[in-house]
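Some notes on the structure that comes next.
The values are calculated or read from the model by the stated rules, or taken from the named source; none is laboratory data. These figures come from a predicted structure and were not determined experimentally. Cβ: placed from backbone, ideal geometry, glycine included. Neighbour counts: every protein chain shown. What goes into the accessible areas is simple: the full protein's heavy atoms, side chains included, and nothing from ligands, DNA or RNA. Shrake-Rupley method; radii C 1.70, N 1.55, O 1.52, S 1.80 Å.
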Amino acid sequence: MSKTALVTGASRGIGRSIALKLAESGYTVVVNYSGSKDKADAVVSEIKASGGQAESYQCHVQNFDDVKEMIKYITDSYGSIDLVVNNAGVTKDNLLMRMKEAEWDQVIDVNLKGAFNVIQNVARPMIRQKGGKIISVSSIVGSLGNPGQTNYVASKAGIDGLTKSVARELAAKGITVNAIAPGFIESDMTDVLPEKVKTDMLGQIPLNHFGSVDDISETVLFLASDKANYITGQTIHVNGGMYMG
Ligand code: NDP
């Protein structure tokens, strides 16, 4: 029987690439999305057209009860949940002194609480299965800090800490828990940045080019594989040398 993976925020960008790669390597993939039903369904169609298995599932990851229902739906439908990738993320950038409470709350809720919601609800079935893999998408700025992104940076530094603590709690159950911290990856999230910001950023990347969504999904594929069975509690940086931790 094929393994089952949930990828949150898989309708676009990095999540889409992760979903396609996992399906290609034999996973049945649940393509979670928030608003982009057509895009999520297109990812599912692409997977099915290549002979894979997938379905889309709408759920706002910040809503605990909805996440609980989604995980239950997956385990009831497929019998197991072998891999989750907490990829859903948003930005609401503003300087500290201008940041609205709602901007802070939304980013922390989606990026950090969303990952907690998924991890806590998936832990029980994974413990029952005696194994599983949990991967969360962090960010380079969680290590570097970034002006104008206090909410986002706090959420991503939170992901790194959450990853270490959960890794320690679940290691004895055969579950590995890791994070991937992308640098600058070309996607909808970075397309909106002003050209000047992009040029400045490029100047800080030793490999002298932006990353692609595939750079991240290949790392997910590695961490999800048996080749990474001895890796847990880590944040793997994929950033062209922009940050060397
Ligand atoms: P995109 O903006 O391209 O895609 C974001 C995805 O998250 C979409 O699928 C979106 O769904 C989904 N999403 C947003 N809010 C929710 C929610 N409340 N519940 C469920 N899904 C939601 O982003 P990227 O692909 O660039 O980023 C993916 C991850 O990588 C994020 O966690 C981001 O912080 C991180 N990252 C990205 C970097 C980059 O350079 N691009 C750098 C470092 C980290 P929908 O389409 O339905 O709105």
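Of note:
- Calculated over the stretch 166-223, the projected area of the Cα convex hull averaged across directions stands at 5.4 nm².
- With 5 Å bins from 0: P(r) over the chain, alpha-carbon pairs, percent: 1, 7, 14, 19, 21, 17, 11, 6, 3, 1, 0
- Spin-label model distance (nm) - Asp41 vs Asp214, 7 Å beyond Cα toward Cβ: 2.9
- The C-alpha atoms of the chain define a longest principal axis, and helix 64-78 lies at about 40 degrees to it.
- Annotation note: trypsin sites (Lys or Arg not before Pro) in the stretch 113-167 located in DSSP loop regions with a Cβ neighbour count of at most 14 within 10 Å are Lys130.
- Every Cα-Cα pair in the stretch 77-121 was counted, and those over 15 Å apart are 53% of them.
- Stokes-Einstein diffusion coefficient of the stretch 1-141, Kirkwood radius over Cα pairs, 37 °C, 0.692 mPa s, in µm²/s: 214
- Unsatisfied cross-links (Cα-Cα over 28 Å) in the set Lys39/Lys196; Lys113/Lys196; Lys173/Lys227; Lys72/Lys173; Lys48/Lys173; Lys48/Lys92: Lys39/Lys196; Lys113/Lys196; Lys48/Lys173; Lys48/Lys92
- Equivalent-ellipsoid semi-axes for the stretch 141-245 (Cα gyration tensor, √(5λ), whole Å, largest first): 27, 16, 11.
- In straight-distance terms, cross-link reach from Lys198 covers every one of the aspartates and glutamates whose alpha-carbon lies under 20 Å from its own, apart from those fewer than eight places away in the same chain; here that gives Asp93, Glu186, Asp188, Asp214, Asp215.
- For the stretch 1-70 and the stretch 150-173, distance of Cα centres in Å: 23
- Modelled FRET efficiency - R0 30 Å, Lys72 with Met244, Cβ distances, 0.05 increments: 0.10
- In terms of packing, defined here as the mean over residues of other Cβ atoms within 10 angstrom, the peptides 103-111, 223-231 line up highest first as 103-111, 223-231.
- Whole-percent carbon and sulfur share, accessible surface of the chain, 1.4 Å: 52
- Principal-axis tilt of helix 213-224 within the chain, Cα atoms, nearest 10 degrees: 40
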